[in-house]
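The values are calculated or read from the model by the stated rules, or taken from the named source; none is laboratory data. Note that the structure is a prediction, hence the values are computed from the model and not measured. Neighbour counts run over all protein chains shown; Cβ positions are idealised from the backbone, glycine included.
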Amino acid sequence: MAHTAAIALVIAAITVPARIGWAETVAETVRAWELVGKWSPDCSRPPTERNGQDIYFVTPAGRVGRDRDFGRRYDRKEVKQALARSDGLELIVYCPQSAKLRQITLIKAPDGRLRTMTERDVDTEEYTIKDGKFAATGADTPWKMRCFDHLAH
């Protein structure tokens, strides 16, 4: 039953236009929020498990992607929805490896750094990040800065 509901949710997320209930297209929202580009806790170091890099990009067709690079581990996801809120940016991200949707909430500091405050499975509501802390360890999520060596559109 839960599997059927998850599939229905994925199909709905893929087929429902991003503008319903959201102010702009996904690409317009992430561009307005200045999310497009590479983000890392330390741009001077290569990607590792402790220095994971997120790269947000917009394709020529207007789709938004999120690449995550941890050195030995890499994945690509598609951002299906984006909502700029007063307390941050909420993303709905499709993970093709698991065929699941994840809800991610980001905040931005006055100096432009970025931090993930929540990340959860949309279907199961299981959190991997809650209140800015990793659920598995309780450690704070890192603040990430924009890396200007990466040109993104």
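Listing for the model above:
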| item | result |
| --- | --- |
| Spans of strands (runs of 3 or more DSSP E) in the range 69-153 with at least 3 residues surrounded by fewer than 16 Cβ atoms within 10 Å (Cβ to Cβ) and not hydroxyl-bearing (Ser, Thr, Tyr) | 74-85 |
| Filter result for the condition that a residue is loosely packed, with under 12 Cβ neighbours inside 10 Å and either in contact (Cβ under 8 Å) with a residue 60 or more places away in the chain or within 20 Å of residue 101 (Cα to Cα) (or both), over 62, 37 | 62 |
| Residue check, residue 60 of a type outside the set (Asp, Glu), in contact with a His (Cβ under 9 Å, 6 or more places away or on another chain) and either in a loop (DSSP other than H, G, I, E, B) or modelled with pLDDT under 95 (or both) | yes |
| Residue 77 vs. criteria in contact with a Lys or Arg (Cβ under 9 Å, 6 or more places away or on another chain) and closer than 16 Å to residue 142 by Cβ | no |
| Sole residue being among the aliphatic types (A, V, I, L, M), modelled with pLDDT under 95 and closer than 15 Å to residue 63 by Cβ, chosen from 27, 23, 13, 8 | 13 |
| Filter result for residue 90 (under 14 Å from residue 30 (Cα atoms) and touching a Phe, Trp or Tyr at 6+ places or on another chain (Cβ under 7 Å)) | no |
| Residue within the range 112-129 that is touching a helix residue (DSSP H, G or I) at 6+ places or on another chain (Cβ under 7 Å) and more than 21 Å from residue 57 (Cβ to Cβ) present | yes |
| Candidates 108, 100, 133, filtered to the one that is without any contact (Cβ under 8 Å) to a residue 12 or more places away in the chain, at negative phi and not hydroxyl-bearing (Ser, Thr, Tyr) | 133 |
| Test: residue in the range 33-55 that is touching a strand residue (DSSP E or B) at 6+ places or on another chain (Cβ under 8 Å), part of a loop (DSSP other than H, G, I, E, B) and either over 18 Å from residue 147 (Cα atoms) or basic (Lys, Arg) (or both) | no |
| Boolean, residue 141 is out of contact with any Lys or Arg (no Cβ under 8 Å at 6 or more places or on another chain) and among the polar types (S, T, N, Q) | no |
| Within the range 96-118, tally of residues that are charged (D, E, K, R) and over 23 Å from residue 43 (Cα atoms) | 2 |
